[in-house]
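A.B. asks: Right, I'll just put the structure down here and ask away after.
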Amino acid sequence: MIRPATIHDVPSIQQIINSHAELGKMLFKSFGQLYESLRDFGVYEADGEVVGCVALTIIWADLAEVRSLAVDETCRGRGIGRQLVEWSIQEARRLGIARLMALTYEQAFFEKLGFVVVPKETLPLKVWSDCVRCPKRDGCDEIAVLKELPDVVRVDQPAAPPTPRGVSIPVLSYAEPED
Ligand SMILES: CC(C)(COP(=O)(O)OP(=O)(O)OC[C@H]1O[C@@H](n2cnc3c(N)ncnc32)[C@H](O)[C@@H]1OP(=O)(O)O)[C@@H](O)C(=O)NCCC(=O)NCCS
């Protein structure tokens, strides 16, 4: 039922996302944004129609974000949202990424799936990479939730040795928050 999205799914994905964006539950997505990020997307298909979608976007070596999760209103409460998040978790495992996050208004739904609420400040790499470009950046009221995958081996944070001709590529670095 869940499969990686193809270019044919983009109009349906946009329709599902933007119908929720109109209600203030999600951010609007243009065709351009969807084409660019299409390889992040999984879709849930029922009777030949796409009725749900989710994207898993890599933020950093040990962090991926569950984004654009939405289930058509007529199909809610049948476990489709859960399966889409489980698909994302499977993708994170396949990629070797040990933590998943989401910014959401659906705290209780994510808690059922083993995510815990965390302060947004504990996800600085997310904030640096995306929030600066978000229209809600100065008044973000979404809740940050995080799920750790303890069975996935955490990678060392990458270093950036100079290239053979001595060019230094900057790498973001951050300190792990203290418990
Ligand atoms: C959130 C959403 C994806 C849930 O999809 P769904 O297919 O209805 O969810 P499921 O049927 O898989 O529910 C899984 C579990 O979560 C529970 N659940 C679902 N929505 C919930 C909610 N809003 N609050 C609390 N629990 C919820 C279900 O009761 C179910 O519990 P159970 O396993 O004990 O039976 C869907 O409501 C949606 O598309 N919302 C609008 C878009 C949105 O807000 N997306 C989140 C952006 S991060």
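A.B. asks: Tell me which of these Gly81 doesn't satisfy, since it passes every other one: (1) within 11 Å of the ligand (Cβ to nearest atom); (2) in contact with a helix residue (DSSP H, G or I) (Cβ under 7 Å, 6 or more places away or on another chain); (3) part of a strand (DSSP E or B); (4) of a type outside the set (A, V, I, L, M, F, W, C).
C.D. replies: Looking at each condition in turn, Gly81 falls short on (3).
A.B. asks: Determine whether Leu69 is outside any loop (DSSP other than H, G, I, E, B), at pLDDT below 95 and either touching a helix residue (DSSP H, G or I) at 6+ places or on another chain (Cβ under 6 Å) or within 14 Å of the ligand (Cβ to nearest atom) (or both). First the steps, then the outcome.
C.D. replies: Values: outside any loop (DSSP other than H, G, I, E, B): yes; at pLDDT below 95: no; either touching a helix residue (DSSP H, G or I) at 6+ places or on another chain (Cβ under 6 Å) or within 14 Å of the ligand (Cβ to nearest atom) (or both): yes.
No.
A.B. asks: Oh, and also: Please give the number of the condition Glu91 fails out of (1) outside any strand (DSSP E or B); (2) within 11 Å of the ligand (Cβ to nearest atom); (3) in contact with a helix residue (DSSP H, G or I) (Cβ under 9 Å, 6 or more places away or on another chain).
C.D. replies: Status for Glu91: all satisfied but (2).
A.B. asks: Please go through the range 81-95 and give me each residue that is without any contact (Cβ under 8 Å) to a residue 40 or more places away in the chain and surrounded by fewer than 19 Cβ atoms within 10 Å (Cβ to Cβ), ordered by number. Break it down stepwise before answering.
C.D. replies: From the range 81-95, those without any contact (Cβ under 8 Å) to a residue 40 or more places away in the chain are 81-82, 85-86, 90, 94-95; that's our starting set.
Residues satisfying the conditions are Arg82, Glu86, Gln90, Arg94, Leu95.
Yes or no, residue by residue, for (1) crowded, with 21+ Cβ neighbours inside 10 Å; (2) modelled with pLDDT under 95; (3) not in a strand (DSSP E or B):
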position	(1), (2), (3)
Pro11	no, no, yes
Ser19	no, no, yes
Met26	no, yes, yes
Tyr44	yes, no, no
Ile59	no, yes, no
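Each row is one residue, and each column tells you yes or no for (1) surrounded by fewer than 22 Cβ atoms within 10 Å (Cβ to Cβ); (2) out of contact with any His (no Cβ under 9 Å at 6 or more places or on another chain); (3) within 19 Å of Ser19 (Cβ to Cβ).
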{"residue": "Gly52", "(1), (2), (3)": "no, yes, yes"}
{"residue": "Asp72", "(1), (2), (3)": "yes, yes, yes"}
{"residue": "Cys75", "(1), (2), (3)": "yes, yes, yes"}
{"residue": "Gly79", "(1), (2), (3)": "yes, yes, no"}
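A.B. asks: May I ask you to list the residues in the range 101-158 that are in a loop (DSSP other than H, G, I, E, B), among the polar types (S, T, N, Q) and at pLDDT 85 or above?
C.D. replies: Filtering the range 101-158 for residues in a loop (DSSP other than H, G, I, E, B) gives 105-106, 113-115, 119, 123, 130, 134-136, 140-142, 149-158.
Remaining after also requiring among the polar types (S, T, N, Q): 157.
Listed by number, the list is empty, since nothing qualifies.
A.B. asks: Let me spell it out: the conditions are (1) touching a residue at least 24 places away in the same chain (Cβ under 8 Å); (2) charged (D, E, K, R); (3) closer than 27 Å to Pro150 by Cβ, and Lys29 meets all of them except one. Which number is the exception?
C.D. replies: Among (1) touching a residue at least 24 places away in the same chain (Cβ under 8 Å); (2) charged (D, E, K, R); (3) closer than 27 Å to Pro150 by Cβ, the lone unmet condition for Lys29 is (3).
The values are calculated or read from the model by the stated rules, or taken from the named source; none is laboratory data. Not measured: the values here are computed from a predicted model. Methodologically, a virtual Cβ is constructed for each residue, glycine included, from the backbone with ideal geometry; neighbour enumeration extends over all protein chains shown.
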